[in-house]
Structure formats: structure tokens, C-alpha cells
1. Would you check which residues across the range 139-152 are more than 13 Å from residue 217 (Cα to Cα) and of a type in the set (D, E, K, R) and list them?
2. Scan (1) modelled with pLDDT of 85 or more; (2) over 25 Å from residue 99 (Cα atoms) for the single condition residue 149 breaks and write down its number.
3. Filter the range 155-198 down to residues that are under 20 Å from residue 91 (Cα atoms) and free of Cβ contacts under 8 Å to residues at least 24 places away in the same chain, then give me how many there are.
4. Does residue 132 satisfy the condition of being among the acidic types (Asp, Glu), out of contact with any Asp or Glu (no Cβ under 9 Å at 6 or more places or on another chain) and without any contact (Cβ under 8 Å) to a residue 60 or more places away in the chain?
5. Out of 203, 180, 194, 130, report the one residue that is in contact with a Pro (Cβ under 8 Å, 6 or more places away or on another chain) and within 21 Å of residue 102 (Cβ to Cβ).
6. Looking at 51, 32, which is the one that is more than 21 Å from residue 136 (Cβ to Cβ), at pLDDT 95 or above and polar (S, T, N, Q)?
7. Somewhere in the range 75-91, is a residue modelled with pLDDT of 90 or more, more than 17 Å from residue 141 (Cα to Cα), touching a Gly at 6+ places or on another chain (Cβ under 7 Å) and part of a helix (DSSP H, G or I)?
8. Among the numbered criteria (1) within 19 Å of residue 212 (Cβ to Cβ); (2) under 16 Å from the mean Cα position of the chain (by Cα), which one does residue 123 miss?
Amino acid sequence: MRIPLLSLFVRSHIEGLLEHAEKVKECSWAFQHAIEAYVLKSNDTFNEQKQKVTKLKDDADAIKRRIYGHLPKSALLPFNKSEFLRYINEQDKITIAAQNTLSWASCKNGVPEGVEKDFILFVDAVIDPIEELTNMLSEFQKYFKSSSEKQRKSIKTIIQNISQNGIEAEKISYSLKQKIFQIEKDAISLFHAIKMVEHLETIIEGVFSSTEIMRNLITK
């Protein structure tokens, strides 16, 4: 049985999207290790993991450029092309936010005393939903092949789980900010710590946006 050329073509782009998500996940792990080292003031480990984040972000960018370079200019796709492009851009923002967070962290050594565990807990909460993106795209790949309602429901379930994880991360973020304001009295240290939290929040926003676009891709 001959497989239509367009089907093979589009499948390669979904595989590319999954490859990009895997690289984003690797980047998030290195980022997690970097922040843990930063909180513990292990400068050598922090710098090592920071460099690793930069390398993995560059790898993800190369995958994104490859996908962009081979997308058809026409609308011959079984899903909304603009939504597809928006998806990879939002997923890519996760690595950008990770790199920006580490760059900001480099401006000052460590977080305020008394919130070390809270920072690590928040970072863990930020990373958890990122790991689910690869599962979501794996199901999307299956859905493209079969158009199965079972696969569509599976994707929706993953989206709901990611959203719930994101809500929990936002609660931790709010609690962390309150604690920083209570503990830190130095204005510069306070500003730096709050800005760190806000940089971490942009990672969650990237994950949220990705899942909402995926919801559009499976309903249009």
C-alpha cells in the first residue's frame, strides 16, 4: 500500500516537533540542576549547567530552523499551519526563559537565606509539566496517524494534567514571593529575588501557551 507523500511529509514535521520537545526537556533538566547549584552556591556546578543549557537551547533552535525551512508555503496541511508555527514558538520560549533566568541569576550570588528550599520546590514544580510535553506530542503523533477519538481524549487528559500542575506551580510562586517580602530587607536583594521568581513564571507561561495551542490543533 502506497503511503501518500503529504502524509510522510507532515509526519516528519510532527517528529521534528517531538524532537524539539525532547531537547526542551533536556534543557529543563540542566536548568533544574543549575538552579539547585545556584541556591546551594555551588558556583562551578552552576556555571557548568548554565553552559549546558545554552548548548541545548542552540540545539533546539537548530531543530526549529529545520522545521521552519521545510514547511510548505501552501496550506496543504491536515491542521492549522499558523497554529503549528505558534506551537513551536511557544515551546521554544521555554528554553529562552530558562537561559534568561540563569543570566539574571548570574548577577547576584544565591537567593535570600530562609527561602532556599522554597526556591527548589518552585523550580521542581516548574519543571514537572515540561516533561509532559513530550507525552502530549507523542499522542498527537498517534492522533495524526489514526484520527482516533481515544488519542484525542488522551491529549486532552494530558493538557488537563499540565494545567493542574501549572496551577500548583503558581500557588507555590505566590507563596514564595510573600516569603521573600517577609524575609528580605535589602532592597537590591529583594528586587533580584522577586525578579528571579518572575523569570521562572515565564517558563510556566510558555508551557501553558503550548498546551492551549495543542488544544486548538486537535479541534480544528
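1. 142, 145, 149, 150
2. The single condition residue 149 does not satisfy is (1).
3. Count: 5.
4. Working: among the acidic types (Asp, Glu): yes; out of contact with any Asp or Glu (no Cβ under 9 Å at 6 or more places or on another chain): yes; without any contact (Cβ under 8 Å) to a residue 60 or more places away in the chain: yes.
Yes, satisfied.
5. Values: 203 fails: in contact with a Pro (Cβ under 8 Å, 6 or more places away or on another chain); 194 fails: in contact with a Pro (Cβ under 8 Å, 6 or more places away or on another chain); 130 fails: in contact with a Pro (Cβ under 8 Å, 6 or more places away or on another chain).
Criteria check complete, one pass: 180.
6. Details: 32 fails: more than 21 Å from residue 136 (Cβ to Cβ).
Within the list 51, 32, the selection yields 51.
7. Yes; the residues of the range 75-91 include at least one that is modelled with pLDDT of 90 or more, more than 17 Å from residue 141 (Cα to Cα), touching a Gly at 6+ places or on another chain (Cβ under 7 Å) and part of a helix (DSSP H, G or I).
8. (1)
The values are calculated or read from the model by the stated rules, or taken from the named source; none is laboratory data. Quick caveat: nothing in here was measured; it's all calculated off a predicted structure. Neighbour counts run over all protein chains shown; Cβ positions are idealised from the backbone, glycine included.
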